[in-house]
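Asks: Once you've had a glance at the structure underneath, I'll fire off some questions.
Just so you know, all these numbers are worked out from the coordinates, no wet-lab data involved. Since this is a predicted model, take the numbers as computed values, not measurements. Note: ideal-geometry Cβ built from the backbone for every residue, glycine included; neighbour counts use all protein chains shown.
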Amino acid sequence: MTLQSSRRAFLAASSAAAAALLIRIPFDAFGQSSPTPPPARTPASFLRIGTDGRITLLLPTCEMGQGTHTGQAQILAEELGADWSSIEIDMPKQPHSDYRLPFGQMRSVGSFGIRFWHDPMRRAAAQAREMLTEAAARRLGVETASLTVRDGFVIHATTERRLGFGELATAAMALPVPPNPTLRPAAERTLTGRTVQRRDTPAKITGKAVFAIDVKRPGMLHGAVRLAPVHSAQVARVNEASVRGLPGVVAVARVPNGAVVIADTWWQAKQAADKLDIQFTATAADTLSSAEIDRRLRAALDRTDVPVSLARGDVERAFAGRGRVVEAEYAVPMLTHVCMEPITCTAEAAASRTELWIGTQGHDTVRMVLERTLQIPAEQLFINTTFLGGGFGRRTHGEIAVHAVAASRAVGGRPVKVAWAREDDIQQGQYRQAMMARFRAMLGEDGRIAALRMRIAGPQMGRAYGVNPDAVARARGFVANVDPFSLSGLIDMHYGIPHVTLDHAVVDLPILFCPWRSIANSFTGFFLESFVDECAAAMGQDPLAFRRAHLPDKPRMLAVLDRVAEMAEWQRPARPGITRGLAVVESYDSYVAEVVEISLAAGRPKVERVHVAVDCGRAINPGQVQTQMQGAVIEALGAALRVKITVADGRTEQSNFHDYPILRIGEVPRIDVSIVDTGSPLGGVGEPGVPPLAAALMNALHAAAGRRIRSTPLADHGLA
């Protein structure tokens, strides 16, 4: 089948293509578009230009407050030559292979929204631009070289005649798609690299934006959950009669780890759920406590049967030589996500069609869990993606969809909106795993780290996402047992240390874990950058100079270090009463260095200012890069100071913001952000601001008080 005939077959099968120019946005691998068209049935990502001039971009990345849709629209409008206000961003209703990231799932994670789709979007926009230009040239009887495209028009420079995209869409549709379109040169970039207003801001300000909690359907009922208090427990018995007759109650639906009470209003459902007579199974986790978790992790640090993940040089021989040995152990607790919008989903579950309204990062996760638990075929599932009131990895899971579908089935397919209370999400949510680490370094006579041993102890969260740690190791040239959800930031460490070993002592825990903002880098950044500071202190060296000495061939790392040092005036004495700490971490293909400035009051640190230098490649929307860095610093600072999840008798002890105290507005320090452009490929911005913060804070505290803190949060040490 030819490129043109395949495209026509696809368009004939697509209702979106009627009287429009439609260009598919395919890809083969990370950031690589493919000129090969899909079969006609494929509901591919596409760029559509209607005869009314409206431009629609269909891509499978949700908007959860990080500005992805704004950046995508900037890229498209610039390359196409479109009117900025004419672009609409939409999402597909069904998960499909065309929308899946390299790891095999349709998910909005890992800061992929811009960097993954940037090149394919530009290519599709360039194809559409050339087709519109050719159609205009034929209509005007001029050469294509005499035409320019801007603001939604193809313009003849000499006569100033212009044709709108809508006027040309049908004619352009009949032309062949150019397989190798010419992209606009950097000199013609007028929109990317510029701070623009977020596309979603006006709707959020006026209240027109629809989040999952805002969804309304005709005849809709409401559901509240009653979940097992002990992690891994299931339902043993439900006495539905215990709530029958309570105000507004319509039905009770049993779900895998609890029940949903369905009523006319959510508050009626919640009051009844609290009174529901329900019993849960006994489990081996009924006596689990945070102290027991810590004991298991600490015991794993001493195991002798752990396979090596990374081996470089000859560590044993290096440690047998002359030098100074530095050792340290670090620990981080479990964390939860506390998205500002409660976990919510509305479902209409008919016999042959299940439709959801949900704010989700994990469309394929929702599909798979519904296939597995409720036997819903993928072709019968339709997902309407709302705005997300925060994601941070929490909304990659699909249990709320199971609850909503089960509730709808219990009332004959009527729409039911199920919303978790804050307590439900904190106490039966899914957490960033608790981890411990042991580091041991040999410092050579040249003042550098000659050898480094690293051991991580804790769960392998990646296995829940289908990761085979040994397969990952083989694919990436490591030895064995590489879970990126646990080792990223260490397995790909940038410091030039000649002799290194790294291993992971796996500790399984009966708790559900879920990616937390920056995933493994949130703790490996703390471990490594704290230890590097300890090594610098042991050698009596300046922390910046010590790091620079270990990065001889890492220009991007050096660039952000130099920039943040300039911002903080590192080479000058700090202001009176201020001490500073430094850290630098690469994650998601972006490099971030941070300097934290603190003062001490009654021995407790107060964060006065944070300097951030970031190299994320070319910044599509610099203002959004700045706000993402600031948001990441705020979230990381709250985790470093006082929040954590603890367990007693198998149950999470925290329940709401009173005992999971995130950072308050008045506690947010000044956060200055500088974007460093080294001409590098695009990186992420949603997550990379998190990893350096905790280490930089602890390093500042050591500089101020000579006290080395090796575990978070500071509240555990009486310092917050």
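Asks: For the stretch 274-314, with the dipole built from +1 on Lys and Arg beta-carbon atoms and -1 on Asp and Glu ones, taken about the Cα centre, which of 311, 301, 287 lies farthest toward the positive end?
Replies: Ranked along the dipole, the leading option is 311.
Asks: Taking the C-alpha atoms of the stretch 445-494, how large are the radius of gyration and the largest Cα-Cα span, Dmax, in Å?
Replies: Using the Cα atoms of the stretch 445-494, the pair Rg, Dmax is 13.2, 45 Å.
Asks: Pop out the ³J(HN,Hα) list for the stretch 420-429 in order, Karplus 6.51 cos²θ - 1.76 cosθ + 1.60 with θ = phi - 60°, rounded to Hz; leave Gly and Pro as x.
Replies: Those phi angles translate into 7, 6, 4, 5, 4, 5, 6, 8, 10, x Hz.
Asks: Given H placed on each backbone N at 1.01 Å, which residues far from residue 443 in sequence or on other chains put an amide H within less than 5 Å of it?
Replies: Those lying under 5 Å, H to H, from residue 443 are 324, 325, 326, 450.
Asks: Right, another one. Obtain the nm distance between the two label points defined at residue 423 and residue 374 by a simple spin-label model: each point lies 7 Å from its Cα along the Cα-to-C-beta direction.
Replies: Taking the two extended label points, one gets 2.6 nm.
Asks: Please report the spacing between the Cα centers of the stretch 472-528 and the stretch 547-600 in Å, no decimals.
Replies: Using only Cα atoms to place each centre, the spacing works out to 23 Å.
Asks: Calculate, in nm to one decimal, what residue 220 and residue 274 gain on full extension: separation in residues at 0.36 nm each, minus their alpha carbon distance. Walk me through the intermediate numbers first.
Replies: Numbers: separation 54, 0.36 × 54 = 19.44 nm, distance 2.15 nm.
Additional length available on full extension: 17.3 nm.
Asks: Please give the Cα centre distance for the stretch 234-283 versus the stretch 367-444, rounded to the nearest Å.
Replies: Cα centroid to Cα centroid, the span is 20 Å.
Asks: When the helices in the chain are scored as -39500 (n - 2.57) per DSSP H run of 4 or longer and the sum is shared across all residues, what 222 nm value do you end up with, to the nearest 500 deg cm²/dmol? Show your work: numbers first, answer last.
Replies: On the way: 19 runs with 207 residues, N = 720.
About -8500 deg cm²/dmol.
Asks: If you don't mind, another one. Please list, or write none, the aspartates and glutamates whose alpha carbon is within less than 15 Å of the alpha carbon of residue 270, excluding same-chain residues fewer than 8 places away.
Replies: Here the aspartates and glutamates satisfying the reach criterion relative to residue 270 are 240, 423, 424, 425.
Asks: Which cross-chain or sequence-distant (5 or more) residues have an amide H under 5 Å from the amide H of residue 435, H modelled 1.01 Å from N in plane?
Replies: Here the answer is 332, since their amide H atoms fall under 5 Å of that of residue 435.
Asks: Let me ask something additional. Could you list, in their original order, any pairs among 204/275; 208/275; 208/417; 93/644 whose Cα atoms are separated by more than 31 Å?
Replies: Working: 204/275 36 Å; 208/275 36 Å; 208/417 19 Å; 93/644 36 Å.
The answer is 204/275; 208/275; 93/644.
Asks: Rounded, prolate or oblate: which fits the stretch 463-536 when a ≥ b ≥ c are the square roots of the eigenvalues of the alpha-carbon gyration tensor, with rounded for a/c under 1.5 and prolate only if a/b beats b/c?
Replies: Details: a/c = 2.16, a/b = 1.32, b/c = 1.64.
The shape class here is oblate.
Asks: So what are the ³J(HN,Hα) numbers for the stretch 279-290, from phi and the Karplus equation (6.51, -1.76, 1.60; θ = phi - 60°), rounded to whole Hz, Gly and Pro as x?
Replies: Karplus-based 3J(HN,Hα) across the stretch 279-290 equals 10, 10, 5, 6, 9, 5, 8, 4, 10, 5, 9, 4 Hz.
Asks: For the chain, give the magnitude of the charge dipole about the Cα centre (Cβ charges: +1 Lys/Arg, -1 Asp/Glu; no others), in debye to the nearest 20. The partial results should precede the final answer.
Replies: Working: 80 positive and 72 negative charges, 119 e Å.
Rounded to the nearest 20 debye, it is 580 debye.
Asks: While we're here: Under a point spin-label approximation (7 Å from Cα along Cα-to-Cβ), what is the residue 545-residue 281 distance to one decimal in nm?
Replies: Between residue 545 and residue 281, the simple spin-label model gives 6.2 nm.
Asks: Given Cβ point charges of +1 (Lys, Arg) and -1 (Asp, Glu) and nothing else, what value in debye, to the nearest 20, does the dipole of the stretch 558-638 about its Cα centre take?
Replies: Numbers: 8 positive and 10 negative charges, 74 e Å.
That gives a dipole near 360 debye.
Asks: Place a +1 charge on the Cβ of each Lys and Arg in the stretch 635-720 and a -1 charge on the Cβ of each Asp and Glu, then give the dipole magnitude about the Cα centre in debye, rounded to the nearest 20.
Replies: Details: 8 positive and 9 negative charges, 67 e Å.
Dipole of the stretch 635-720, to the nearest 20 debye: 320 debye.
Asks: If I model a spin label as a point 7 Å beyond the Cα along the Cα-Cβ vector, how far apart are those points for residue 382 and residue 201 in nm?
Replies: Label-label distance for residue 382 and residue 201, simple model: 3.5 nm.
Asks: First measure r as the distance between the Cβ atoms of residue 646 and residue 239, then evaluate 1/(1 + (r/R0)^6) with R0 = 30 Å and state the FRET efficiency to the nearest 0.05. Don't skip to the end; give the middle numbers.
Replies: Numbers: r = 32 Å, r/R0 = 1.05.
For residue 646 and residue 239, the calculated efficiency is 0.40.
Asks: Next up: Hey, could you get me the Stokes-Einstein D for the chain, Kirkwood radius over alpha-carbon pairs, 37 °C and 0.692 mPa s, rounded to whole µm² s⁻¹?
Replies: Numbers: Rh = 27.5 Å.
D = 119 µm²/s.
Asks: Determine which aspartates and glutamates satisfy two conditions relative to residue 554: a Cα distance under 14 Å, and not lying fewer than 8 residues away in the same chain.
Replies: 492, 562, 586, 589, 615
Asks: By average Cβ neighbour count within 10 Å, what is the ranking of 200-206, 227-233 from highest down?
Replies: Details: 200-206: 12.1, 227-233: 21.1.
So the order, starting with the most tightly packed, is 227-233, 200-206.
Asks: Using a Förster distance of 41 angstrom, determine the FRET efficiency expected from the C-beta separation of residue 324 and residue 292, and round it to 0.05.
Replies: Values: r = 36 Å, r/R0 = 0.88.
Efficiency for this residue pair is about 0.70.
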